[in-house]
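Let me begin by presenting the structure, written as structure tokens, before commenting on it.
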Amino acid sequence: MLNNIGLPGFLLLAFLIILSWCFCKIFAKAGFSGFWGLISLVPGGAIVLLLVLAVKDWPTHRGSNG
């Protein structure tokens, strides 16, 4: 497998998996579905995810005042 993609391809794949896993955990802790983190695999998706977290009301904060 590594012969076809080389070390840079393997490192890129590992980075994308870790990035997606991190976004899944962040969204799950915020009260959203963890599957939102898979959008980070789409080019530009990480920026969209950060905008969603910044603008949308979090389900974990819906019951609190403020």
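The values are calculated or read from the model by the stated rules, or taken from the named source; none is laboratory data. Note that the structure is predicted; figures quoted are calculated from it, not measured. Glycine also receives a Cβ, built like all others from the backbone with ideal geometry; neighbour counts cover every protein chain displayed.
Cβ-Cβ distances below 8 Å connect the following pairs, each with a first residue in the range 49-62 that is closer than 23 Å to Trp21 by Cβ, a second residue that is aliphatic (A, V, I, L, M), and a separation of six or more residues or different chains: Leu49/Ile39; Leu53/Ile26; Leu53/Ala30; Trp58/Ala30; Pro59/Ala30; Thr60/Ala30.
Matching residues to (1) at pLDDT below 90; (2) under 27 Å from His61 (Cβ atoms); (3) surrounded by 10 or more Cβ atoms within 10 Å (Cβ to Cβ):
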| residue | (1), (2), (3) |
| --- | --- |
| Ile5 | yes, no, yes |
| Phe10 | yes, no, yes |
| Ile17 | no, no, yes |
| Phe23 | yes, yes, yes |
| Ile26 | yes, yes, yes |
| Ala30 | yes, yes, yes |
| Gly37 | yes, yes, yes |
| Ser40 | yes, yes, yes |
| Pro43 | yes, no, no |
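Close contacts from the range 1-30, counting a first residue that is in a loop (DSSP other than H, G, I, E, B) and a second that is surrounded by 12 or more Cβ atoms within 10 Å (Cβ to Cβ), with Cβ to Cβ under 9 Å and a gap of 6+ residues or different chains, come to Met1/Phe10.
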